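The values are calculated or read from the model by the stated rules, or taken from the named source; none is laboratory data. Quantities reported herein were computed from a predicted structural model and do not represent experimental measurements. Neighbour counts run over all protein chains shown; Cβ positions are idealised from the backbone, glycine included. Heavy atoms of the whole protein, side chains included, go into the accessibility calculation; ligands, DNA and RNA do not. Shrake-Rupley method; radii C 1.70, N 1.55, O 1.52, S 1.80 Å.
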Amino acid sequence: MKLIVAVDKNWAIGKDNRMMWSIPADMKFFRDTTKENVVIMGRKTLESFPQGQPLKNRVNIVITKKKDYKVKGAVIVHSVEEAVRAAKTEAKKCNGDIFVIGGESIYRAMLDYCDTAFVTKIDHAYDADTYFPNLDTDGGWEMTKISEEQTCFDLEYYFTIYERAR
């Protein structure tokens, strides 16, 4: 299983259930990387999308504690274990990969299931209330790839890949 996330220099990922930046190349990378695959997210992440609708051209698995929660075009589950089982089944059907896409509590709950992390690192510190675990200080992960410096107006960022340390 893999995960994909964009973080600031303090590993922040959001504030008030919103991303704090808009980087078109990062959004394109996210779309291209997750398209035709399975994505796992929490309910709040789904509800942060335009009109709260599932992402197109993906199998959307949504974890929520709300037992009566329903969204057309999404597989609704109520635990991490249920999400993992559903994702494996759906990935076989579409012959795709599984990507964890947030938010904070889902990333933290599913990190141990993942072996690859696609991390866009933005060289700026934002005022945030939501964070991703710092993989640079986690001995279980190592950065295996980093892109050349990218820019979007005055923001500098890098596309990186972290893998579980062997």
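Observations
- Beta bridges per DSSP with both ends in the stretch 33-166, % antiparallel, nearest 5: 55
- Gain on full stretching of the segment that runs from R164 to T116 - 0.36 nm per residue minus C-alpha separation: 16.6 nm
- Note: relative contact order over the chain, using C-alpha pairs below 8 Å and six or more positions apart, is 31 percent.
- Pairwise Cα inverse-distance average, inverted: Kirkwood Rh of the stretch 5-69 (Å): 13.1
- For the stretch 89-166, the per residue solvent-accessible surface stands at 57 Å², with DNA, RNA and ligands left out and a 1.4 Å probe.
- With all protein chains kept in place, the per residue accessible area of the stretch 31-72 amounts to 62 square angstrom at a probe of 1.4 angstrom.
- Per-residue [θ]222 nm for the chain (sum of -39500 (n - 2.57) over DSSP H runs n ≥ 4, rounded to 500): -7000 deg cm²/dmol
- Extension gain, T33 to D138: 0.36 nm times the residue separation minus the Cα-Cα distance gives 35.4 nm.
- Whole-percent carbon and sulfur share, accessible surface of the stretch 1-72, 1.4 Å: 50
- Rounded Å value of the spacing that divides the Cα centres of the stretch 32-84 and the stretch 126-166: 24
- Spin-label pair D129-H78: with each label point 7 Å from Cα along the Cα-Cβ axis, the two points sit 2.8 nm from one another.
- On a per residue basis, the convex hull of the C-alpha atoms belonging to the chain measures out at 117 Å³.
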